[in-house]
1. Lys/Arg Cβ at +1, Asp/Glu Cβ at -1, dipole of chain A taken about the Cα centre: which of A:Asn41, A:Leu254, A:Thr213 is farthest positive-ward?
2. Cα to Cα, under 18 Å, and not fewer than 8 places away if on the same chain: which aspartates and glutamates meet these conditions relative to B:Lys128?
3. Per residue of B:366-373, how many C-beta atoms from partner chains lie within 10 Å of its own C-beta, taken as a mean?
4. How far is it, in nm, from the label point at B:Val242 to the one at B:Thr126 when both lie 7 Å from their Cα along the line to the Cβ?
5. Can I get the semi-axes of region A:171-218's equivalent ellipsoid? Compute them from the C-alpha gyration tensor as square roots of 5 times the eigenvalues, in angstrom, largest first.
6. What is the diffusion coefficient of region B:341-453 in µm²/s, taking the Kirkwood radius over Cα pairs and the Stokes-Einstein relation at 25 °C with a viscosity of 0.890 mPa s?
7. Give me the orientation-averaged projected area of the Cα convex hull of the protein assembly as shown, in nm², one decimal.
8. If you place +1 on the Cβ of every Lys and Arg and -1 on the Cβ of every Asp and Glu, how big does the dipole about the Cα centre of chain A come out, in debye to the nearest 20?
Amino acid sequence: MTTDQTGQQFADATQAKGEALIELTDVDKFFGDFQALKDINMNVGKQEVVVVIGPSGSGKSTLIRCINRLEKHDRGTILVDGIELSEDIRNIQEIRRETGMVFQQFNLFPHLTVLDNIALAPRQVRREPKDEAEKTAMELLERVGIPEQARKYPGQLSGGQQQRVAIARSLAMKPKVMLFDEPTSALDPEMIKEVLDVMVELAEGGMTMICVTHEMGFARAVADRVVFMADGQIVEVGTPEHFFTNPQEERTKLFLSQIL
Amino acid sequence: MTTLIEPETTSAPPIHERNAWEWIKHNLFPNWWSGLVTIVLLPILLYMAYRALRFFFVTGQWEAVEVNLALFMQGTFPRDEQWRLIAQILTFALAFGIGAGTASASARDRAEDASLAHERGSLTDTLKRMWSMIAFIVLLLVFATTHDPGSPISPFLVVFGAVLAGYVGYQARRLPRRLRNLGWLLTLVLLVVGFQVVSGFDSGGWLPLGIILGSAAYSVVPVERFESRWLRLLVRLAAAAVVVLVIRAVYGAIDSTGIGWDEWSGLHLTLLVSAIAIVLAFPLGLLLALARRSTLPALRYMSTVYIEVIRGVPLITLLFMGQFIIGFMVPAGTELSDVTRAIVAMTAFAAAYIAEIVRGGLQALPSGQTEAGQALGLAPPTIMRRIVLPQALRAVIPAMVGQFISLFKDSSLLFIIGIVEFLGVRRIIHAQEAFRGVGIAETLVFVALGYWAFAFAMSRESQRLERRLRVSR
């Protein structure tokens, strides 16, 4: 393979195939004097799975938290399904309803049962009647494999089960894109697989996903593209096979040598 | 009463039975200096206990309490209207019974749903929490029998009636699940009715029941078949308005005046004033806490100034100010009784502290909870109401009950501004010829026991509540 060819391949991989669902253009983000995101340009196409990796503090989480406005970006534009993120709270809420998010610490509501956790948003936001919302919630619980836990409280569940409930909770709003912020990092090793299985199934079902993760196996298996970030910048983008077997940048090689 | 407990998984460790000698050796003489402390302290403590018991059972001149028992309980409440007090006790007992039964049933349901082990509350359980109050009531009965107050109705009968009413009410736990809200509604309605049995059902008294039943009507009227959101809101409001108007009309038709709280005194006044101040201070404090965290600067500054000013001023100052200053702040010609002014001052005072307690609870909540709500697209008020507040308030129950207890005890300050509450009754008693300078310590001990009985029961109840809510945390 010549340098030219790999360069070409690399250039292609930076762009989503087909229609873009999420587009970030020249996005900057500051925490005080510290620049967390520098000049981010990225897009995610429909039904595409993008995995974001990188050392800690590289801005991966900040990046996806900007997409649903849990963090406010300072410069640049973010488009989600054609809607541009602005100060307008209605606009923000509209985008949040289209994007589901799964957190590292699950962030389930501990005072509500599993079923209520899932049914809360459909009932409150979409005004679904109780029985309808609960029926959907049960279906989702079946999909993530734990319908028998419906009436329990999150505190009674294992970490892996909690994270699966969190995924079901996000899915209940029927989002167009799912954001995963290190969904398996807080889990004991034996529980990681059950969560990844659900995520793989989601990806295979055609869900658009952006995952911040350290699970390289997952990235290899389902990612359409891998984005490598360091120091708030996107260093390299590529298909998994290209990325893991033939990284271009020194920074990427260093990182991969440390984790693989 | 019921509690949720975590399923027991481990077996208990073997218990080593200690005999008395081992116990003494282990606890009183574990080493030479502890032994020395025991040798010095034990006689002193025993002597003090002896003196205390002697005071209680031999030397104490309890006539001052016995003769004036009715005065302590109801103060200068008109004696020919006493049936109102008895009706109030019975109604409240029924209300508490229904409330406890409903709470117990919903705890049971939740435990069953979550397949948690569920321990049915036993009588011993209730006794453990309520023993201070029960002991106080027994003490009252003992005093009541040693000196006949000439009351037409035996105090025993009243206590028996109250226990019976409470027991009957407690059977609300057998109500099917869909009627659970009815239990709560009934509790609230009976509390208001119990209050108004004394204060009277005059035409102006429709407001509390109007609010309660109006909001009940607002939420139960079936609106599912209406498509439009506005139409649904309209129907709900119309239903609420109809209920409120009916209640207004009923009160207008009855229009019987009772004995307003300006004429209450003794323990009766203490309990009612504290309860009203607590009920009013809680929502006010909640609003202040939310205002203090608001993004609107004006709201935030106003709330902060209010809280800091009130917290920097002793309650007694506020009570005095209430007597003089509230007059300037209400429209001219408005007559406010001393008790009303005192309630306003106590509410204003407690609200500032409750606001700070609630704020602490809000701050302690991990930010991930709000973020999860935001990520789901919930509106900020919904996040507050459904996610933040339920958790924050649960976390501050102990601090909040502590504040309620101190508000209850602080009501004794009303005595300084000339209102005859529980402690203030002593002034009347010792102004009597027979008790001038007689039994001063005895009446004081009695009053102290009374406050303690209620405060201790409140504290125990809060511990139980805490335990029960821990599971779903």
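1. Highest projection toward the positive end goes to A:Thr213.
2. Output for B:Lys128: B:Glu119, B:Glu461, B:Glu466.
3. Numbers: counts 3, 2, 6, 5, 2, 9, 15, 6.
Counting other chains' Cβ atoms within 10 Å and averaging over B:366-373 gives 6.
4. Distance between label points: 3.9 nm.
5. Numbers: eigenvalues 72, 24, 21 Å².
For region A:171-218, the semi-axes come out at 19, 11, 10 Å.
6. Numbers: Rh = 17.4 Å.
It comes out at roughly 141 µm²/s.
7. On the way: hull surface 174.3 nm².
Value for the protein assembly as shown: 43.6 nm².
8. Numbers: 29 positive and 40 negative charges, 147 e Å.
In total the dipole reaches around 700 debye.
The values are calculated or read from the model by the stated rules, or taken from the named source; none is laboratory data. Note that the structure is a prediction, hence the values are computed from the model and not measured. With ideal geometry, Cβ positions are generated from the backbone for all residues, glycine too; neighbour counts draw on all protein chains shown. For accessibility, only protein heavy atoms count, side chains too; no ligands or nucleic acids. Shrake-Rupley method; radii C 1.70, N 1.55, O 1.52, S 1.80 Å.
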